[in-house]
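As structure tokens, the structure follows; a few thoughts come after it.
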């Protein structure tokens, strides 16, 4: 038995329509695969409660939160968000935020933890954008700051789309280093300034991506964070509908391992969240997200299992 905690709820699902490009079923599919293949044990999966509005207000405006809950967002706001409003959408959003908050606390105790959702980095204080309703990582960081549980933070955003909302939220906070490695010509059209942005050309492949990331990690770790947040987006995948990069599954898994190995070597707690993924075949997106959790278990727990086996 490990001390690993992964947060997931069946209510991470919301009815957004079967033809929507956002693969809302990926959360449940990933959880089922990880359990069935014994990467996860049932006792490692924890269900979050709904996030407290006071926590949300550390990042988001009272007006936006109130109108979101009531369903009073304007047609223009819904269009920019890209998701149809429903009570189930609000519920899943509150649960996903709570999952990242809970994973943050668990990582501080156990070195690593995961939310099988989250990474909603396009959400701004007063609005949602790009399928992101509330900014879960930003809220989690503000909660840890409020509770004096950590002081310095590093966000490693490897989603193919720039984390514009996150960059905006922390633009004046020297304790939070925002790093985004994304497609230069991809969404959002108007990008915000992260502490470090690396823009990649269309068609970037595994070798170039991994070399650039490896060099960037050496640089950004000099921020000396107390906690790392890793957004392991599945959308740099070569067959992603919204990606425009050419990374393979093997390359994306090496990406995950670079980040996770850094955290373990430096002894810095790390929180993994899912972020985006829009492959033509949902099974590809799910497999990439599962690979992140497989890598967590390999890097943080394989030696533990080896040691236990030797002691028998």
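Here are the numbers for the structure shown:
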| quantity | calculated |
| --- | --- |
| Selection within region 83-92 - in contact (Cβ under 8 Å) with a residue 60 or more places away in the chain and either closer than 19 Å to residue 293 by Cβ or touching a helix residue (DSSP H, G or I) at 6+ places or on another chain (Cβ under 8 Å) (or both) | 83, 84, 88, 91, 92 |
| Subset of region 224-239 that is closer than 19 Å to residue 167 by Cα and buried (at least 19 other Cβ atoms within 10 Å of the Cβ) - its residue that is nearest to the chain's Cα centre (by Cα) | 231 |
| Filter result for the condition that a residue is under 19 Å from residue 293 (Cβ atoms), at pLDDT below 95 and touching a helix residue (DSSP H, G or I) at 6+ places or on another chain (Cβ under 8 Å), over 39, 2 | 2 |
| Selection from region 1-18 of residues that are more than 15 Å from residue 88 (Cβ to Cβ), out of contact with any strand residue (DSSP E or B) (no Cβ under 8 Å at 6 or more places or on another chain) and surrounded by 14 or more Cβ atoms within 10 Å (Cβ to Cβ) | 2, 3 |
| Out of 200, 231, 217, 242, sole residue that is on the phi < 0 side of the Ramachandran plot and without any contact (Cβ under 8 Å) to a residue 60 or more places away in the chain | 200 |
| Some residue of region 25-43 being part of a loop (DSSP other than H, G, I, E, B), within 16 Å of residue 96 (Cβ to Cβ), under 18 Å from the mean Cα position of the chain (by Cα) and touching a residue at least 60 places away in the same chain (Cβ under 8 Å) | yes |
| Test result for residue 63, in contact (Cβ under 8 Å) with a residue 40 or more places away in the chain, in a helix (DSSP H, G or I) and touching a helix residue (DSSP H, G or I) at 6+ places or on another chain (Cβ under 6 Å) | no |
| Output for region 24-43, where each listed residue is over 19 Å from residue 94 (Cβ atoms) and surrounded by fewer than 22 Cβ atoms within 10 Å (Cβ to Cβ) | 25, 29, 32, 33, 35, 36, 37, 38, 39, 41, 42, 43 |
| Considering residues of region 158-179 that are in contact with a helix residue (DSSP H, G or I) (Cβ under 7 Å, 6 or more places away or on another chain) and not in a loop (DSSP other than H, G, I, E, B) only, the residue nearest to residue 214 (Cα to Cα) | 179 |
| Within region 182-195, considering residues that are surrounded by fewer than 17 Cβ atoms within 10 Å (Cβ to Cβ) and without any contact (Cβ under 8 Å) to a residue 60 or more places away in the chain, the one nearest to residue 167 (Cα to Cα) | 193 |
| Lone qualifier among 97, 143, 80 - being in contact (Cβ under 8 Å) with a residue 40 or more places away in the chain, within 25 Å of residue 242 (Cα to Cα) and buried (at least 16 other Cβ atoms within 10 Å of the Cβ) | 97 |
| Search result, residues across region 117-126 that are in a loop (DSSP other than H, G, I, E, B) and in contact with a helix residue (DSSP H, G or I) (Cβ under 6 Å, 6 or more places away or on another chain) | 117, 118, 120, 121, 122, 123, 126 |
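The values are calculated or read from the model by the stated rules, or taken from the named source; none is laboratory data. Computed from a predicted model, the values in this text were never measured in an experiment. Methodologically, a virtual Cβ is constructed for each residue, glycine included, from the backbone with ideal geometry; neighbour enumeration extends over all protein chains shown.
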